[in-house]
Every structure is written in C-alpha cells, then in structure tokens.
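Participant: Just passing along the structure, written as structure tokens.
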Amino acid sequence: MERIEELGAVVLRGADDREVRLGDLWSDRPAVLVWVRHYG
Amino acid sequence: MRDRHQELVSRGANVAVIATGLPAMAKDFQEQYRLPFPVLVDTPRVTYAALGLKRLSGRGVTWVLIRESLLVRGLVKVLRFGVGRPKKKQDIFQLGGALVVAPGGVVKLVHRADEYTDNVPVDALLGALA
C-alpha cells in the first residue's frame with residue numbers, strides 16, 4: 001500500500017491518554033490494526 | 001476479536017483498535033467491552049482517509065437510518081430531532097476496516113468494509129500473520 005508511510009507517521013492518543021505513533025507498532029513486530037465504525 | 005486477542009499476541013503482533021469520537025468515549029468503550037488492547041482515537045479520521053476506508057451509501061444508508069432512528073434512538077427522538085443524528089464527533093455512515101503490517105512496514109492484509117456488517121474474520125488476520 002502506497003500510503004503506509006503516511007499512516008505510520010500518524011500519532012494518535014489512546015483511551016489511556018498516551019500517544020502512539022502508528023509506525024512504532026510495526027517497527028519490530030507485526031501489527032494488527034482494526035478500525036471500528038463508531039461506538040454504537 | 002477480544003476473545004481471540006491472545007491468538008494474535010501469540011503470533012507476536014501488536015494489536016490496536018482505532019475509533020472516531022472523543023477520548024472519553026474510547027475509554028468507556030474499552031472498559032465496557034473489557035478490551036485487552038489499546039483503543040486509539042482518531043477524531044478527524046485522518047487514518048480512515050489514509051487507508052481509504054469507505055462510507056455507507058445507498059441501501060446501507062437506509063438501513064443505518066432505520067436502525068439509528070427507530071431501534072436505538074426511538075421514534076419520539078426522531079420526531080423531535082430528526083433522523084440519523086450521529087453521536088458527538090462520530091459519523092454513523094463511516095465504515096471500518098483492518099490492516100496487518102509486517103515488521104518494517106510490509107502490508108500483509110488490507111480490509112475495507114463495503115457495508116455495515118462487513119467485518120474482517122479473525123482467521124484472516126491470523127492468516128496474514130502466518
């Protein structure tokens with residue numbers, strides 16, 4: 001996917017208030033990310 | 001996915017869920033469903049756009065309007081406020097998806113939901129990790 005670098009640079013805040021750079025999730029391990037529609 | 005989280009972790013994967021809305025909503029969501037993985041908040045839906053995730057259209061919109069309007073919010077609220085009001089900072093027509101990435105950024109699986117019920121099977125996620 002041509003936009004994986006773009007996605008990897010995104011920093012999101014977690015429910016625990018910690019910031020996560022998405023690219024860090026797959027820097028040395030595989031990553032599974034699931035996008036949900038909404039909270040219902 | 002919650003119930004099979006350990007299978008994903010046993011294959012060495014970092015697992016995370018990304019959702020719209022507000023951080024407090026994500027926290028409630030994580031606690032309510034006892035999710036053992038991080039729930040990340042993407043209020044402006046930057047990652048949804050980057051991954052090319054879709055929004056409902058056509059019959060899917062009709063179904064969601066009916067569900068949101070009649071079953072969840074109730075007819076009285078519909079009459080008072082109109083149909084399909086999304087909860088704060090959410091888009092009820094937004095669809096989900098999934099991504100499996102190998103170390104170093106090699107994409108192994110991309111799933112972009114085509115409709116409301118189109119969820120990626122956990123077996124597919126596990127297969128992409130094999």
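The values are calculated or read from the model by the stated rules, or taken from the named source; none is laboratory data. Bear in mind the structure is a predicted one, so any value in this text is a computation, not a measurement. Every residue, glycine among them, receives a Cβ derived from its backbone with ideal geometry; neighbour counts consider all protein chains shown.
Participant: Of A:VAL34, A:VAL10, which residue is within 19 Å of B:LEU95 (Cα to Cα) and of a type outside the set (Ser, Thr, Tyr)?
Facilitator: From the options A:VAL34, A:VAL10, the qualifying one is A:VAL34.
Participant: Please go through the stretch B:46-61 and pick out each residue that is in contact (Cβ under 8 Å) with a residue 60 or more places away in the chain and either surrounded by fewer than 17 Cβ atoms within 10 Å (Cβ to Cβ) or assigned to a loop (DSSP other than H, G, I, E, B) (or both).
Facilitator: Within the stretch B:46-61, B:GLY52, B:LEU53, B:LYS54, B:LEU56 qualify.
Participant: What's the total number of residues in the stretch B:1-45 that are assigned to a helix (DSSP H, G or I) and under 18 Å from B:VAL107 (Cβ atoms)?
Facilitator: Adding up the residues that qualify gives 1.
Each row is one residue, and each column tells you yes or no for (1) of a type in the set (S, T, N, Q); (2) closer than 16 Å to B:ASP91 by Cβ.
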| residue | (1), (2) |
| --- | --- |
| B:ALA13 | no, no |
| B:ALA16 | no, no |
| B:ALA24 | no, no |
| B:PRO38 | no, no |
| B:VAL46 | no, yes |
| B:ALA49 | no, yes |
| B:SER57 | yes, yes |
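Participant: Within the stretch A:10-40, can you find the residues that are in contact with a strand residue (DSSP E or B) (Cβ under 6 Å, 6 or more places away or on another chain), facing chain B (nearest Cβ under 7 Å) and not aliphatic (A, V, I, L, M)?
Facilitator: Those that are in contact with a strand residue (DSSP E or B) (Cβ under 6 Å, 6 or more places away or on another chain), facing chain B (nearest Cβ under 7 Å) and not aliphatic (A, V, I, L, M): A:ARG13, A:GLY14, A:TRP26, A:ARG29, A:PRO30, A:TRP35, A:ARG37.
Participant: Looking only at strands (runs of 3 or more DSSP E) that fall completely inside chain A, which ones have 3 or more residues that are over 18 Å from B:GLN32 (Cα atoms) and either in contact with an Asp or Glu (Cβ under 8 Å, 6 or more places away or on another chain) or hydrophobic (A, V, I, L, M, F, W, C) (or both)?
Facilitator: In chain A, the matching strands (runs of 3 or more DSSP E) lie at A:11-14, A:31-35.
Participant: Looking only at the stretch B:87-102, count every residue that is surrounded by 14 or more Cβ atoms within 10 Å (Cβ to Cβ) and assigned to a loop (DSSP other than H, G, I, E, B) and tell me the total.
Facilitator: 8
Participant: Tally time: how many residues in the stretch B:13-28 are surrounded by fewer than 16 Cβ atoms within 10 Å (Cβ to Cβ) and at pLDDT 95 or above?
Facilitator: Number satisfying all stated conditions: 0.
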